[in-house]
Amino acid sequence: MQQSSRERTSLTAALTVCLFTHAAFAQDECSTAVTAVIGANAFDTTNATSSPEPVDETQCAGTYLDWGSANKDVWFRYTAPESGVLDLTTCAPGSFDTSMVVYAGSCGALTQIACNGDGVESDACQPWYSRISDIETSAGVTYYVRIGGWNGGSSVVAGSGILSVSFQPVAQGCLGVKGDCADPHATGGCDDPACCSIVCSIAPFCCDAAWSADCVEFAVSLCGIFAYECPQPNPAVANDCATDAELLATDTFRDIDTNGCNTDGPWHAGATCDSGNDVLFNDVWYRFQAKANGTMTIQTCVVDGGPATTFDTKIAIYDMGVDFTTFDYDDLGDALVGCNDDDGTCLGAGGIYPSSLTVSALDGRWYLIRVGSYDIPGTARVTFDFPDPCVLPTANGFEAEPCGSNTNGGCDIDGSVEPISAGRTVQGTFWINEDGHGGILRDLDWYQLDVTEDREVTISLYSRSFTELYLIRGDLSVPGCGGISLVDRGDGDCPNRTVICLSAGTYYVVAGLDFESALAPCGSSTRNDYVLDIQSVPAPCPALIEPQCVSAGPDVAWSNNQVPPTGTNNLGAVVACAQGGAYPSCGVTGTAANKFARVFTAGQLGGDIDCLELGFFSIKRGNSTVGSSCVNYLSDIPLPALVSICRDTDGGAPRNIIASAGDGNDLEILATREIIVPGMADTGALDLDPPLCLEGVSGNIVVVLEVPSFIEPNPLVPEDSGYGLRAAGLTVAGQPSQVFVRLSCADAAGQFIPAENLSSTFTAQWFVGAHGTFSRCPSLCPADCTRDGVVDSGDVAVLLSAWGQPDSGQGPNYPDIDGDGFVGAFDLTRLLDAWGPCP
């Protein structure tokens, strides 16, 4: 699968363009450019045309400019009043996915000087806004700003927006390529125009002559520029200076005493380090070269009975590149990988305010580790856990797709996959290339895994690179991968592994390089290589909720006659209990134990029930990748639950499931199914194989969904990780919810109560539907393959069409009459014995 690393919303992907002829309007071309003012400048590209001026995408490669040849664009002009730097952005919540190009010169003789597709993600802006900063300008020169939409060669993106313009005057001697503000150099000025202007306004000689050591001191004091120095190292501590960092080679620990140590590293914003201040005092230093991709953890938490931490520690890690000998210590501020002040998981664990920092490490790169204090020095044990080299096991097969090809790209091409089975260990390659248009092509390899019976399956992906591993179900023929759903994903380690119990059916294993990985064209040594291993053992498995019923009878009914809307993942959550604390901006660590009940009134159902459709809200709540807000993502792992189908023994509102005779409860269990629910905000299907026969069952039928707590330890779900599973539906205007709940945080009654009893706002109806043959029970006549009430030649035809086929999740209509998992002679014998009308 060759896939752009930039994912698009379905709304953006579905945009269509109505082309028509119209007269040019102001700012539609360079010659009619509108003068931009400092501040906000409104624009609308909806009715704009495409201008002929060329665009050089290589100038901003990797930012997803994707200008194309049919981009609807508008033009602004700005004349610089003096030398300075110009900042331009299309950041405007609710606006569209913009691309922006800047030119100097005059119309007809323009020179492109800058471009941008996507700026740095920000909660304050729309997704994929554009930003170009620090455009150096000269007095009296006019600059032209051209704004269009992403993907201008196909489905053109257009709309309204705001161009925000800001300008900062800069001293003339501060423009152009200069030396580092933190280093003395022979020429005047330095590479930070704002800082340079501040310094030169006080000391003009810093721009007129050389940028001396005095100029560096001005920059450090006036601009916060970091210039590395270690003036008074502690002679008793060999690694008191960053330049004298102790070399570490393996997992280890060090007992440190920072009393008397100097501070020679930069400060970092408190918010970056989850800290109450910006400083990191009395630091000691370590250096390490990663021997593999993976995560490394540095902590001062008490481990294995070690000594207690006696002071409030801080930890920071810096990336030194592939050759630490060329690292410029003045760049420490820009080389920060991560930092931590207080680790909430081990607060008070034998020490005061210990720290723990886990970051991703890349094979071959050097890292500088800094341990210091929030305020006062002290003693602590520092534990170092580095990634281990990932050894690829010996394979017993090879991927058929050559490196650089795309013959097993799954749903993104023509549904092509390679077969794989339990016991196979396949060696393959994956790659990442530029697409020649500023974007990225990523090789994802798809393997088809057919499971013929319930089995616990272990899927392991070995690679020296960071990888993605997904388990998928669905229809690969639907355009744009619209027919698939995520079942599970790997844990991200090496091996990248998932262990899951799978019912019979067809699954797809997808392997690729991590979406944050750098380019890895074929020939990138071991970065391209992987081994995919599949192992399985028999095991009883919960039923996996499917996108739709595999095989359903002709009749369908919905509780309260409420049918879900068309579309996908458009349902909301029914009220449930959750608990907070995992994310600073989220306040939610997962849902607690909850139960939901929905009623089919007497007479709605009967005969065989062979499939239920249930609304599920299966999510993981966490911090947004676009800033710090809290959002719901579809769960990336399947979440467990229990579905019960019950008979209401007294016909009133459901109270509780009968645990023992005479306990006063009213719900008699007819059938239960353990289930696992993939990520969705939609209805999913639970096939009942064999079907549930309601012959002779009277009264209301109640469907109960029981969800365990994901805040507490659960063998299938990481605790306190934001996972949540609820019933899902929508509010129907003017109608009560008709949903009954038992919530662990609000269960004073000890039985089901209407959701509105908790609050009048809880009116969302849980969508619950049933499919089957309601007039009779074909399951009592298994030889009636056609479900027409008669065993005859039509059933023989169905049986012969499946002759020799094993049962691999084919549903209730699969003609395995004797139940041995295979269609053959014994089934034909049973069919002939049952010839004629069904009883």
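For the chain, the share of DSSP beta bridges that are antiparallel, to the nearest 5, is 95%.
Think of the stretch 119-228 as a dipole: +1 on every Lys or Arg Cβ, -1 on every Asp or Glu Cβ, centred on the Cα centre; then among S201, C215, G161, G161 lies furthest on the positive end.
Global dimensions of the chain from alpha-carbon coordinates: Rg and Dmax equal 32.4, 108 Å. Reported to the nearest whole Å, the Cα centre-to-centre distance from the stretch 240-283 to the stretch 57-111 is 43. Considering every alpha-carbon pair of the stretch 473-558, the percent of pairs per 5 Å bin, from zero through the bin containing the longest distance, is 3, 9, 16, 17, 17, 16, 9, 6, 4, 1, 2, 0. In a simple Cβ point-charge model (Lys, Arg +1; Asp, Glu -1; nothing else charged), the chain has a dipole of about 1460 debye relative to its Cα centre. If you model the stretch 51-205 as an ellipsoid using its alpha carbon gyration tensor, with each semi-axis the square root of five times an eigenvalue, the axes come out at 31, 17, 14 Å, biggest first. When a 1.4 Å probe is rolled over the protein heavy atoms, the share of accessible surface on the stretch 699-779 that falls to carbon and sulfur comes to 53 percent.
Surface listing: D795, D214 arranged by accessible area from highest to lowest gives D214, D795, probe 1.4 Å. Size check on the stretch 658-792: the Cα extents along the three principal axes, sorted descending, read 56, 39, 33 Å.
Can you tell me what percent of all Cα-Cα pairs in the stretch 305-415 are more than 15 Å apart?
Summing the P(r) tail past 15 Å for the stretch 305-415 gives 75 percent.
The alpha carbon convex hull volume per residue for the stretch 609-702 rounds to 131 Å³. Heavy atoms of the protein chains alone define the surface here; on that basis the chain has 42 Å² accessible area per residue at 1.4 Å probe size. Computed from the alpha carbon atoms alone, the convex hull of the stretch 403-488 holds 127 Å³ per residue. Here is the list for the stretch 749-839: chymotrypsin sites (Phe, Trp or Tyr not before Pro) lying in DSSP coil, each with at most 16 other C-beta atoms within 10 angstrom of its C-beta, are W803, W835. Rounded to two decimals, the Cα radius of gyration of the stretch 154-274 over 2.2 N^0.38 Å is 1.57.
Once both axes come from the Cα atoms, what is the angle between helix 213-223 and the longest principal axis of the chain, in degrees from 0 to 90, rounded to 10? With rounding to tens, the tilt is 40 degrees. When only alpha carbons are used to place a centre, the stretch 295-309 and the stretch 369-405 end up 17 Å from one another.
Between the residues G492, T683, C261, the greatest Cα displacement towards the positive end of the dipole of the chain, with unit charges on the Cβ of Lys, Arg, Asp and Glu, is found for T683. The slack between F324 and A733, meaning 0.36 nm per residue of separation minus the straight C-alpha distance, is 140.7 nm.
Could I get the Rg over Rh figure for the stretch 199-334? Both from C-alpha atoms, Rh via Kirkwood, rounded to two places.
Using only Cα positions, Rg/Rh for the stretch 199-334 is 1.02.
Here is the list for the stretch 651-751: GluC sites (Glu not before Pro) lying in DSSP coil, each with at most 13 other C-beta atoms within 10 angstrom of its C-beta, are E695. In the calculated pair-distance distribution of the stretch 670-716, the portion above 14 angstrom amounts to 68 percent of the Cα-Cα pairs. Toward the positive end of the charge dipole of the chain, with +1 on the Cβ of Lys and Arg and -1 on the Cβ of Asp and Glu, the farthest Cα among S355, I413, I545 is that of I545. Between the amide H of L441 and those of N433, E434, D435, distances stay under 5 Å, these residues lying 5 or more places away or on another chain, with hydrogens modeled in the peptide plane.
The values are calculated or read from the model by the stated rules, or taken from the named source; none is laboratory data. All of these numbers come straight from a predicted model, not from anything done at the bench. Virtual Cβ from ideal backbone geometry, glycine too; neighbours counted across all protein chains shown. SASA here: full protein model, heavy atoms, side chains in, ligands and nucleic acids out. Shrake-Rupley method; radii C 1.70, N 1.55, O 1.52, S 1.80 Å.
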